[in-house]
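Peer 1: Questions regarding the structure given below will be posed in turn.
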Amino acid sequence: MGVSSRKRNGAGPWWQDAVLYQVYPRSFQDSNGDGIGDLEGIIERADYFSWLGVDAVWFSPFFTSPMIDFGYDVSNYLDIDPIFGTIADFDRMVAAFHARNIRVILDYVPNHTSDQHPWFVESRSSRENPRRDWYFWRDPAPDGGPPNNWQSLAGGSSWEFDARTRQFYCHTFLKEQCDLNWRNPSVRDAMHDVLRFWLERGVDGFRIDAVGCLAKDPDLRDDPPNPDFHPGDPPFARNLMVNSANGKDIMDFVGDIRSVVDQYPRDPVLIGEVYLKTGEIAPYYGPELGGLQLPTNFNLLWTPWKARPILDVIAAYEAVLPKGAWPDWVMGNHDQPRIASRLGKEQARIAMVMLLTLRGTPILYYGDELGLENIEIPPGRLRDPFGLNMPGAGQGRDPERCPMPWDETQKAGFTSGDPWLPIGSNEPGSSVEAQRKDEGSMLSMTRQLLALRREQPVLSRGSWSPLPIEGETLAYFRQLGKTRFAVLLNLESKLKRFSIAEISTGHVIFSTHKRDRHQAIRQDIELAANEGLIIAL
């Protein structure tokens, strides 16, 4: 069963009204007791997504892989790793989601393959192999070292010496993740076929991993030093990735990917992992919007949690969007510390209100609807190679990848075996089961917000404009036609009283606190500590 290409609220593609939800499959639900989440487990939990009220689910990779980087090192793009299940399980999962009118988005990892992928095995076999140029092979520098100064995001040089052929190959990440040469037409053709394979199995779009890394400087020039590098920063921050990523021809590659997905029905969406400043995101939408529909905007992740900096980031992003471009917002994912650990549990609620009331498409990370925090991982249970390679640099990602707590039992309903990482919460009342019963919980609040967003298109499609208030209260208007809302967010743990001339009259339609949902509002407003308020004007 398919899903309709447009939502009931919208005049545009479905993804403009949608709320996207990221699942890290290893940590969502284990069905067979091996301690690792799988596709059957996801199918078992399919009703949760409907109950919560999300519109599409993005899955981190579950393709065949040695799991050195837990699926981001793909050895077969066209099959499911046995840890997660089978192609038949995948087809049943897509059918289960489509039957619930929920779309399926896959992670697409085009920058690199596993060193165990047949393509790389062939490429590595000799300098004369026809697939040699599918990857970046270069002779040593005159001193015998790497060809240039590029740094791996997993620590150390981006170049690994291969004793058999006496050349180096490039890897932006782990040495087992070998970078593909996207300037080779055969590589592009093969990777486009990967897209077609999954589109023909019914998927509704792709999140493109490390998309900027596809375009490296053809001359492999050194990256310039980073003038803002400080001791204690991760080693890769020593240089600016000017030549090792985001080259001038990146949109040629992105445009070709877009032309493939545009041949399919259901308005497939392309989401790109783009870790760039606000002003640098816009080109990824492409000339006349022929690029990514949703280049991910991560800027709220590193913006100080203060009203003025946040408003400045939102306003700057709105200002640089090309005509017809659609915004998106991210507050957490599998590579970043949990929101509640960055901001505290009370302000995590405020962050959720902001994420779901800004113009554009929000992307939620599994467990953030519960207010999950990072879990301290005992040294003997650390799994992430990035953290193990760069101890003390804060690069370990295990704490935000812990299994979902479904109930209050010892293993939280996630598994009957030994979970691959510690369960995502050890606090009573933090599970889905407990929070579903609590009207004041983070989960209940998030579900209420998602329902309000579906009922009120102004919250996804309406215009955005800041509302000037002194101090640490974040405030803005949303307007669509004659419908106008004010969103007020108290970023501090103290009561606020103020008078707002721009709000002559209105009534409460949402609060993070216990309020009369139809309470009349005049110019004099009182916000409780850590309260978020939505007022219909």
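Peer 1: If each of residue 499 and residue 190 carries a label point 7 Å out from its Cα toward its Cβ, how far apart are those two points in nm?
Peer 2: Going from the residue 499 label point to the residue 190 one covers 7.1 nm.
Peer 1: Could you tell me which residue out of 426, 410, 513 lies farthest along the dipole of region 392-537 toward its positive end? Charges go on the beta carbon: Lys and Arg +1, Asp and Glu -1, centred on the Cα centre.
Peer 2: Working it through, the farthest residue towards the positive pole turns out to be 513.
Peer 1: Now for a different question. Ranked highest first by average number of other Cβ atoms within 10 Å, how do 508-520, 343-355 line up? Walk me through the intermediate numbers first.
Peer 2: On the way: 508-520: 14.5, 343-355: 20.9.
Per-residue Cβ counts within 10 Å, averaged per peptide and sorted highest first, yield 343-355, 508-520.
Peer 1: OK, next. Please compute the length gained on full extension between residue 201 and residue 166, using 0.36 nm multiplied by the number of residues separating them and subtracting their Cα-Cα distance. Walk me through the intermediate numbers first.
Peer 2: Working: separation 35, 0.36 × 35 = 12.60 nm, distance 4.17 nm.
Difference between extended and current length: 8.4 nm.
Peer 1: What is the spin-label model distance, in nm, from residue 439 to residue 79 if the labels are put 7 Å beyond Cα along the C-beta direction?
Peer 2: 5.3 nm
Peer 1: As I understand it, the dipole of region 17-162 uses +1 on the Cβ of Lys and Arg and -1 on the Cβ of Asp and Glu, about the Cα centre. Which of 98, 36, 24 lies farthest toward its positive end?
Peer 2: Sorting the options by dipole projection puts first 98.
Peer 1: Using only DSSP helix segments of four residues or longer, with each worth -39500 (n - 2.57), what per-residue ellipticity at 222 nm results for the chain after dividing by its residue count and rounding to 500? Let's see the in-between values first.
Peer 2: Details: 15 runs with 127 residues, N = 537.
When only DSSP H runs of four or more count, the value is -6500 deg cm²/dmol.
Peer 1: Quick check on region 454-536: take the gyration tensor over C-alpha atoms, sort the square-rooted eigenvalues as a ≥ b ≥ c, and tell me if it's rounded (a/c under 1.5), prolate or oblate.
Peer 2: Prolate, since a/c reaches 1.5 and a/b exceeds b/c.
Peer 1: Let me ask something else. Under unit Cβ charges (Lys, Arg +1; Asp, Glu -1), what dipole magnitude, rounded to 20 debye, does region 127-202 have relative to its Cα centre? Kindly include the intermediate steps, with their values, before the conclusion.
Peer 2: Details: 11 positive and 11 negative charges, 24 e Å.
I would put it at about 120 debye.
Peer 1: May I ask for the net charge around residue 43, where only other residues with Cβ less than 15 Å from the Cβ of residue 43 are counted and Lys, Arg are +1 while Asp, Glu are -1? Before the final figure, lay out each step's value.
Peer 2: Working: positive: 45, 92, 100; negative: 30, 38, 40, 44, 47, 89, 91.
Local charge sum for residue 43: -4.
Peer 1: How far, in nm, would the chain grow between residue 88 and residue 221 when pulled straight, counting 0.36 nm per residue and subtracting the alpha carbon separation?
Peer 2: Details: separation 133, 0.36 × 133 = 47.88 nm, distance 4.58 nm.
So the extension gain works out to 43.3 nm.
Peer 1: Further, regarding this structure: Compare the Cα positions of 389, 334, 458 along the charge dipole of the chain (+1 at Cβ of Lys, Arg; -1 at Cβ of Asp, Glu; about the Cα centre) and return the one farthest towards the positive end.
Peer 2: Value: 458.
Peer 1: Determine the gain in length on full extension of the stretch residue 252-residue 483; use 0.36 nm per residue of separation and subtract their C-alpha separation, reporting nm with one decimal.
Peer 2: Working: separation 231, 0.36 × 231 = 83.16 nm, distance 4.08 nm.
Full extension from residue 252 to residue 483 adds 79.1 nm.
Peer 1: Against the longest alpha carbon principal axis of the chain, how many degrees, from 0 to 90 and to the nearest 10, is the axis of helix 442-455 turned?
Peer 2: Taking the Cα atoms of the chain, the angle to 442-455 is about 80 degrees.
Peer 1: Label region 118-179 by shape, choosing from rounded, prolate and oblate, from the square roots a ≥ b ≥ c of the eigenvalues of the Cα gyration tensor; if a/c is under 1.5 it is rounded, and otherwise prolate applies when a/b is larger than b/c, oblate when it is not.
Peer 2: Values: a/c = 2.29, a/b = 1.30, b/c = 1.77.
Cα axes put region 118-179 in the oblate bin.
Peer 1: If you don't mind, there's one more thing I want to ask. If the label point is 7 Å along Cα→Cβ of residue 306, which residues in region 468-506 have backbone nitrogen under 16 Å from it?
Peer 2: Counting only backbone N, you get 469-475, 491-493.
Peer 1: Another one. For region 454-536, what is the charge dipole size about the Cα centre, in debye to the nearest 20, if Lys and Arg each add +1 at the Cβ and Asp and Glu each add -1 at the Cβ?
Peer 2: Numbers: 12 positive and 9 negative charges, 70 e Å.
Using Cβ point charges on Lys, Arg, Asp and Glu, region 454-536 gives about 340 debye.
Peer 1: For Rg/Rh (Cα atoms, Kirkwood Rh), the choices are (i) 0.97; (ii) 1.00; (iii) 1.38; which was calculated from the structure?
Peer 2: Looking at Rg/Rh (Cα atoms, Kirkwood Rh) for this model, the match is (i).
Peer 1: Another question about this same structure. Going by average Cβ density within 10 Å per residue, which order do the peptides 66-72, 480-486 take, highest to lowest?
Peer 2: Numbers: 66-72: 20.3, 480-486: 15.1.
Order by mean packing, descending: 66-72, 480-486.
Peer 1: Placing unit charges on C-beta atoms (Lys and Arg positive, Asp and Glu negative, everything else neutral), compute the dipole magnitude of the chain about its Cα centre in debye, rounded to 20. Working shown, then result.
Peer 2: Values: 57 positive and 72 negative charges, 342 e Å.
For the chain, the charge dipole is close to 1640 debye.
Peer 1: Put a dot 7 Å past each Cα toward the Cβ at residue 50 and residue 139; how far apart are the dots in nm?
Peer 2: Result for the modelled spin labels: 6.4 nm.
Peer 1: Where does each of 237-243, 452-458, 219-225 land if you order them by average Cβ count within 10 Å, highest first? Show your work: numbers first, answer last.
Peer 2: Working: 237-243: 16.6, 452-458: 18.3, 219-225: 13.3.
So the order, starting with the most tightly packed, is 452-458, 237-243, 219-225.
Peer 1: Is the C-alpha gyration tensor of region 71-179 telling us rounded, prolate or oblate? Criteria: a/c under 1.5 is rounded; beyond that, a/b larger than b/c is prolate, otherwise oblate.
Peer 2: Working: a/c = 3.64, a/b = 2.33, b/c = 1.56.
The shape class here is prolate.
Read the figures in this text as sums done on the coordinates, not as results from a lab. Quick caveat, the model's predicted, so the values are computed rather than measured. No Cβ is skipped: glycine too gets one built from the backbone with ideal geometry, and neighbour counts run over all protein chains shown.
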